[in-house]
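Participant: Sharing a structure below in structure tokens format, with a few things to ask.
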Amino acid sequence: MSPIVELKDVRKSFGDLEVLKGVTFDVNRGEVAAIIGQSGSGKSTALRCMDRLETIQGGSMLICGHELHDDDVDLKSLRRDVGIVFQSYNLFPHLTVAQNIMLAPRMVKGMKQRQAREIADTVIAKVGLREKMDCYPEQLSGGQQQRVAIARSLAMEPKLMLFDEVTSALDPQLTGEVLRVMEQLAADGMTMILVTHEMAFARKVADRVIYMRDGKVHEMGSSDILRTPATPELAAFVSESAEH
Ligand SMILES: Nc1ncnc2c1ncn2[C@@H]1O[C@H](COP(=O)(O)OP(=O)(O)O)[C@@H](O)[C@H]1O
Ligand SMILES: [Mg+2]
């Protein structure tokens, strides 16, 4: 299997604060990797670096064939290959669901209205919201808005999807519907890296679990490491998470 994501000794600082202190891991095509760890351990920063929303100061990062440590990386082409979804959905309130989804294919890929609409129809079906195409975001629940945000990313036909705590703002019931969409994406073979607090989900869906601690990968392996952690730190983290 060929890695679609390769991080080697990645370092990232904000001013004097070193946030990523040499992060190394690979993700293969079709794999689901879950990044877990305490708040402040650098999970979001690592993810943001993978879409070059942040630049790195050391090491190397190869994402879908793009060398992100190069200054002349083609950002447009990178962003076409990588979709990213955040905790906040950031849908445009004045656009319908269909218009939100069609925007990037039209603007970034220069697609014709009809073709963009076809893609929108396909991706909205994937997230189970076909009947909401002409609604405005405010007419949808938080879980539905997050599913539209996922559909909007999928409309760019990415090779890699990044998810940063996409269910953290949602009630347990709405969390479930978003996780089911992500599980289906995984089953369809999408390569995904997700930062999550949902341990049960990570255990079920992740091929690889990456436990970050203080800007480093502290422990990594199959989801079995959540059952039988090798380090006392991951053991403590897993048992703390189980209490919530
Ligand atoms: N834009 C920024 N400027 C300065 N410090 C930042 C910035 N983004 C994150 N940090 C700091 O980097 C550290 C890691 O943050 P983050 O990657 O968001 O952690 P996590 O997602 O694991 O909670 C924290 O100490 C945070 O305060
Ligand atoms: Mg975070």
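Every read-out reported here was derived from the displayed coordinates using simple, explicitly stated rules and does not represent laboratory data. The structure presented is a predicted model; accordingly, all values stated were derived computationally and were not measured. All Cβ positions, glycine included, derive from the backbone under ideal geometry; neighbour counts span all protein chains shown.
Participant: Mind checking which of PRO232, PRO158, PRO105 has the largest fluctuation in a GNM of the chain, springs on alpha carbons under 10 Å?
Facilitator: The residue with the greatest mean-square fluctuation here is PRO232.
Participant: Rounded, prolate or oblate for the chain? Axes are the square roots of the Cα gyration tensor eigenvalues, ordered a ≥ b ≥ c, and the cut-off for rounded is a/c under 1.5.
Facilitator: Here the chain falls in the oblate category.
Participant: Sticking with this one: Using 0.36 nm per residue, how much length does the chain from LYS126 to ASP188 gain when fully extended, once their Cα-Cα distance is taken away?
Facilitator: Full-extension gain reported as 21.3 nm.
Participant: Need one number: % antiparallel among DSSP beta bridges in the chain, to the nearest 5.
Facilitator: Bridges in the chain are about 55 percent antiparallel.
Participant: Within 12 Å, Cβ to Cβ, of GLU18, how many net charges do the neighbouring residues add up to if Lys/Arg are +1 and Asp/Glu are -1?
Facilitator: After counting each charged neighbour, the total is +2.
Participant: Could you give the length gained by full extension between ALA230 and SER141, i.e. 0.36 nm per residue of separation minus their alpha carbon distance, to one decimal place?
Facilitator: Gain on extension, ALA230 to SER141, equals 28.0 nm.
Participant: In µm²/s, what is D for segment 1-129 at 25 °C and 0.890 mPa s, where D = kT/(6 pi eta Rh) by Stokes-Einstein and Rh is the Kirkwood radius from Cα pairs?
Facilitator: Value of D from the Cα-based Kirkwood radius: 147 µm²/s.
Participant: Taking amide H positions as placed in the peptide plane 1.01 Å from N, state which residues far from ILE35 in sequence (5 or more) or on other chains have amide H under 5 Å from it.
Facilitator: For ILE35, the qualifying residues are LEU194, VAL195, THR196, ILE210.
Participant: Would you kindly derive the ³J(HN,Hα) couplings of segment 227-239 from the backbone phi angles with the Karplus curve 6.51 cos²θ - 1.76 cosθ + 1.60 (θ = phi - 60°), listing them in order in whole Hz, with x for Gly and Pro?
Facilitator: 7, 10, x, 8, 10, x, 5, 5, 4, 5, 5, 5, 6
Participant: For the chain, with a Gaussian network of springs between Cα atoms less than 10 Å apart, report the residue from ARG52, ARG227, ARG117 with the top mean-square fluctuation.
Facilitator: Ranking ARG52, ARG227, ARG117 by mean-square fluctuation puts ARG227 first.
Participant: Starting from the Cα gyration tensor of segment 191-230, take the square roots of the eigenvalues, sort them a ≥ b ≥ c, and report rounded, prolate or oblate (rounded when a/c is under 1.5, otherwise prolate if a/b is larger than b/c, else oblate).
Facilitator: oblate
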